[in-house]
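Student: For reference, the structure I am asking about is given below.
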């Protein structure tokens with residue numbers, strides 16, 4: 001666990017009315033993450049509480065005491081001797097520079113990624129070293145300047161450490177080999193990967209579109225005897241899916257497919273899948289009708305789409321909207337929503 005930064009941690013999400021009691025129970029059982037601060041979402045009326053053990057174990061404890069909860073993963077401010085990585089930079093960098101440095105960063109395996117404004121890159125070595133000093137196991141620190149091209153890969157500038165972009169990242173025990181300079185990967189979606197896998201039953205045929213290195217598919221296949229067709233047009237994504245197979249004990253199958261999604265959908269028979277995942281937020285709604293045509297009656301599509309304060313509208317006569325959730329902050333007043341659609345026949 002990284003200390004002194006906004007740190008990824010497993011958590012449980014409870015209604016605000018139950019938060020105080022939940023914290024008390026988790027603390028009494030030794031499950032509350034020491035030195036951490038819970039996150040409150042007043043709009044949704046929920047609180048996310050960080051835990052030291054698995055979030056599923058914490059959720060079971062709360063359930064036994066009549067408190068409904070859901071496992072989650074989020075970033076939390078966690079103190080260690082009162083130091084954050086920016087504290088190490090005081091007296092090293094000018095205060096006006098410190099005030100503009102992001103307070104959080106992403107950890108992907110042994111690589112840390114921060115989003116520095118371009119004009120602050122000259123301070124990269126100092127910032128990178130400070131991040132590495134408070135982040136156990138980090139061997140390289142990069143700044144992500146932008147996401148580029150059809151494959152949504154990051155444009156990176158190395159700040160500190162080894163010339164290392166390939167790493168092994170772990171989510172809930174599921175491992176992925178990936179190169180952050182060659183494939184798209186967002187570690188903040190780890191809870192979403194886990195959450196969808198919990199809905200899948202053994203025997204399902206799952207269509208995972210714009211799969212990247214296959215986090216949805218690998219989470220599903222690690223716990224269910226399901227077959228997941230992970231479709232991506234980036235050859236490197238397919239290569240890394242094959243490599244990841246050797247690292248995981250799978251109950252089901254992951255079938256990597258190198259193809260443009262449009263071509264795969266055109267070549268695939270009607271009503272051949274029980275479930276589909278469409279993870280291309282800025283364009284996913286364009287594929288809804290074609291994807292629904294590939295689902296059996298009652299089949300489910302999980303579509304991730306961009307919206308503002310209100311979720312995006314879905315116009316599909318063959319679908320029933322089952323659920324809408326705000327999944328991720330994308331930009332100021334812009335969010336990624338998770339839409340769950342059921343095929344109606």
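Residue by residue, here is whether (1) assigned to a loop (DSSP other than H, G, I, E, B); (2) crowded, with 20+ Cβ neighbours inside 10 Å holds:
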| position | (1), (2) |
| --- | --- |
| 57 | no, no |
| 107 | no, yes |
| 137 | yes, no |
| 141 | no, yes |
| 145 | no, no |
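Student: Checking residue 30 against (1) surrounded by 20 or more Cβ atoms within 10 Å (Cβ to Cβ); (2) farther than 30 Å from residue 125 by Cβ; (3) at pLDDT below 80: exactly one of these is not met. Which one?
Tutor: (1)
Student: Could we say that residue 68 is within 24 Å of residue 172 (Cα to Cα) and loosely packed, with under 14 Cβ neighbours inside 10 Å here?
Tutor: When the stated conditions are applied, residue 68 passes them.
Student: Here's a follow-up. Given 290, 315, which one is farther than 14 Å from residue 208 by Cβ and at pLDDT 95 or above?
Tutor: Being farther than 14 Å from residue 208 by Cβ and at pLDDT 95 or above holds for just one of 290, 315, which is 290.
Student: Still on this structure, I have one more. Assuming residue 197 fulfils every condition listed in (1) closer than 26 Å to residue 268 by Cα; (2) touching a helix residue (DSSP H, G or I) at 6+ places or on another chain (Cβ under 9 Å); (3) part of a loop (DSSP other than H, G, I, E, B) apart from one, which condition is it?
Tutor: Failed condition: (3).
Condition check ((1) assigned to a loop (DSSP other than H, G, I, E, B); (2) in contact with a strand residue (DSSP E or B) (Cβ under 8 Å, 6 or more places away or on another chain); (3) buried (at least 24 other Cβ atoms within 10 Å of the Cβ)) across all residues:
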position: 181; (1), (2), (3): yes, yes, no
position: 188; (1), (2), (3): no, yes, no
position: 191; (1), (2), (3): no, yes, no
position: 202; (1), (2), (3): yes, no, no
position: 207; (1), (2), (3): no, yes, yes
position: 212; (1), (2), (3): yes, yes, yes
position: 221; (1), (2), (3): no, yes, yes
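Student: Would a scan of segment 256-266 turn up a residue that is surrounded by 13 or more Cβ atoms within 10 Å (Cβ to Cβ) and closer than 20 Å to residue 195 by Cα?
Tutor: Within segment 256-266, not a single residue is surrounded by 13 or more Cβ atoms within 10 Å (Cβ to Cβ) and closer than 20 Å to residue 195 by Cα.
Student: The conditions are (1) in a loop (DSSP other than H, G, I, E, B); (2) closer than 19 Å to residue 202 by Cα; (3) without any contact (Cβ under 8 Å) to a residue 60 or more places away in the chain, and residue 248 fails exactly one of them. Which is it?
Tutor: Among (1) in a loop (DSSP other than H, G, I, E, B); (2) closer than 19 Å to residue 202 by Cα; (3) without any contact (Cβ under 8 Å) to a residue 60 or more places away in the chain, residue 248 violates only (3).
Student: Find the residue count for segment 144-194, including only residues that are in the same structural domain as residue 214 (by TED's automatic domain parsing), farther than 20 Å from residue 282 by Cα and at pLDDT below 90.
Tutor: 1
Student: Tell me, yes or no, whether segment 271-281 has at least one residue that is in a loop (DSSP other than H, G, I, E, B), under 25 Å from residue 190 (Cβ atoms) and in contact with a strand residue (DSSP E or B) (Cβ under 6 Å, 6 or more places away or on another chain).
Tutor: yes
The values are calculated or read from the model by the stated rules, or taken from the named source; none is laboratory data. What you see is a predicted model; the values in this text were computed from it and never measured. All Cβ positions, glycine included, derive from the backbone under ideal geometry; neighbour counts span all protein chains shown.
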